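The values are calculated or read from the model by the stated rules, or taken from the named source; none is laboratory data. Source: prediction; values computed, not measured. Counting neighbours? That spans all protein chains shown, and the Cβs are built from the backbone with ideal geometry, glycine included.
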Amino acid sequence: MKKVIIIKYAELNTKKDNIDFFIKILRKNIQNTLNDDTKKITYDHGRMFIESTEDDFEDLLKKVKKVFGIHEINIAYKLDTTDFDTIKDTLADLVKDADFNTFKVATKRSDKSYPLDSMEISKKLGGVVLRTLNDKGVTVDVHNPEVTINVEVRRGQSYIYFERVKGLGGYPVGSLGKGLLMLSGGIDSPVAGYLALKRGVRIEAIYFESPPHTSEDAKNKVLKLAKKLSEYSGYVKIHVINFTEIQETILKNAPHDYLITLMRRMMYRITERVAYKNNCKCIVNGESIGQVASQTLTSMSCINAVTNMPVIRPVACLDKNDIIDIAKDIDTYKISIEPFEDCCTIFVPKHPVINPDVRSCEEYEANVDYDALVKKAVETSTVIKVENNSNTQIKEDFKDLF
């Protein structure tokens with residue numbers, strides 16, 4: 001008898017003919033998360049099994065709990081036999097020191113050639129538990145038991161488990177393409193990135209800095225947020241854009257109430273170019289309807305007009321408190337509220353326009369060769385790769401985008 005981890009898929013089972021594709025990506029993601037090729041991982045359409053040594057189970061479980069695509073995690077005892085007497089003896093040994101008042105046995109028999117059906121197995125094993133604990137007053141409760149004893153009989157092996165740990169659900173990261181996350185230092189965009197990852201979208205990120213108006217602390221804050229997201233995806237590449245010249249040009253050549261609208265339009269143009277060059281299929285951001293002036297429906301429509309790429313807004317319809325709750329759950333909230341301003345907050349006008357007009361934006365943009373500034377911003381960008389299993393950040397020159 002040895003311990004193993006059983007992974008259950010849930011939503012992946014709806015993929016039918018494509019399930020092998022999703023499971024292979026899930027297996028690869030688990031292997032990358034564990035960062036250990038010695039772990040034995042086997043799978044079929046219904047289950048995945050991870051074998052490891054007893055002494056590293058706690059660390060292994062902690063890592064697997066952050067892998068998307070997993071519905072449930074079970075710590076199980078594996079028997080390399082389906083001999084019923086061996087199953088009975090093993091269960092009796094496992095429960096002999098147990099402390100519970102009510103229980104039930106739930107059996108899953110995937111090997112349909114087995115001589116006993118699921119109900120018979122459960123009934124007989126329930127009797128084993130009652131006899132083993134007959135001096136403790138333990139009873140069967142099939143509706144609301146304190147403990148559910150799970151038994152699975154498969155071809156050549158059987159499993160017994162008590163612990164059921166809820167997984168993150170969703171789809172394996174990378175199974176549904178790649179998106180470019182507009183990552184600021186705020187609360188919303190890391191949550192948006194997390195939710196995109198949950199739906200199987202691998203994310204790269206883009207960050208707009210504006211030195212000397214924004215500090216190195218502001219950028220480091222974003223790197224820390226990316227580090228948190230990398231716990232769910234293995235790594236995050238951040239495209240760092242110097243936005244200073246564009247911001248200062250807008251400030252000199254446009255009405256102040258249109259500053260944020262025009263800045264966001266430039267950001268979208270840059271994000272789209274970087275996304276296409278890096279094979280991203282969509283833009284992801286943390287915009288939430290009505291939260292600020294640039295996130296009214298009119299503003300979002302006006303800003304969105306500069307791109308044909310799909311824009312995914314995972315938190316668009318969430319209340320701020322709901323977003324904060326998720327941020328706390330994924331441990332980004334405390335980082336996000338660090339007092340370092342990003343380039344969108346330092347130039348916020350006193351009375352920003354909430355119903356901007358596309359034609360007005362185009363007129364203001366026609367006064368300057370913004371396309372040249374956008375191209376320059378992309379050509380002079382850098383990439384920082386933040387990895388979950390390393391504290392190193394790899395900077396690469398990114399001048400070959402155009």
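Miscellaneous remarks
- In the stretch 265-272, the condition of being among the aromatic types (Phe, Trp, Tyr) and either out of contact with any Phe, Trp or Tyr (no Cβ under 8 Å at 6 or more places or on another chain) or modelled with pLDDT under 95 (or both) is met by at least one residue.
- Residue within the stretch 201-209 that is more than 22 Å from Asn308 (Cα to Cα) and assigned by TED's automatic domain parsing to the domain that holds Lys320 present: yes
- In the stretch 294-313, the residue that is surrounded by the most Cβ atoms within 10 Å (Cβ to Cβ) out of those that are in a helix (DSSP H, G or I) and aliphatic (A, V, I, L, M) is Ile303.
- Residues that are farther than 18 Å from Ala76 by Cβ and touching a Gly at 6+ places or on another chain (Cβ under 9 Å) do not occur anywhere in the stretch 108-131.
- Considered as a group, the residues in the stretch 95-114 that are assigned to a strand (DSSP E or B) and modelled with pLDDT of 95 or more include one that is surrounded by the most Cβ atoms within 10 Å (Cβ to Cβ), and that residue is Val105.
- Of the set (1) buried (at least 21 other Cβ atoms within 10 Å of the Cβ); (2) assigned by TED's automatic domain parsing to the domain that holds His71; (3) of a type in the set (D, E, K, R), all apply to Asp141 but (1).
- So Asp80, is it surrounded by fewer than 14 Cβ atoms within 10 Å (Cβ to Cβ), free of Cβ contacts under 8 Å to residues at least 12 places away in the same chain and of a type outside the set (A, V, I, L, M, F, W, C): no
- Within the stretch 252-264, the only residue that satisfies the criterion of being farther than 14 Å from Gln295 by Cβ and either buried (at least 24 other Cβ atoms within 10 Å of the Cβ) or under 26 Å from the mean Cα position of the chain (by Cα) (or both) is Leu262.
- Residue match in the stretch 231-250 (condition: closer than 25 Å to Thr33 by Cα and of a type in the set (Asp, Glu)): yes
- Residue count for the stretch 230-252 satisfying the condition of being touching a helix residue (DSSP H, G or I) at 6+ places or on another chain (Cβ under 7 Å) and not β-branched (Val, Ile, Thr): 9.
- Ile75 falls short on exactly one of the conditions (1) in contact with a Lys or Arg (Cβ under 6 Å, 6 or more places away or on another chain); (2) under 18 Å from Met1 (Cβ atoms), and that condition is (1).
- Scanning the stretch 14-36 for residues that are out of contact with any strand residue (DSSP E or B) (no Cβ under 9 Å at 6 or more places or on another chain) and loosely packed, with under 14 Cβ neighbours inside 10 Å, we see that the one that is modelled with the lowest pLDDT is Thr14.
- Of the strands (runs of 3 or more DSSP E) lying entirely inside the stretch 183-288, those containing at least 3 residues that are without any contact (Cβ under 8 Å) to a residue 40 or more places away in the chain span 202-209.
- Among residues of the stretch 115-131, those that are assigned to a loop (DSSP other than H, G, I, E, B) and among the acidic types (Asp, Glu), counted: 1
- Residue match in the stretch 86-94 (condition: at pLDDT below 95 and assigned to a helix (DSSP H, G or I)): no
- Criterion (modelled with pLDDT under 95 and of a type in the set (D, E, K, R)) met by exactly one of Lys350, Lys334, Lys328: Lys350
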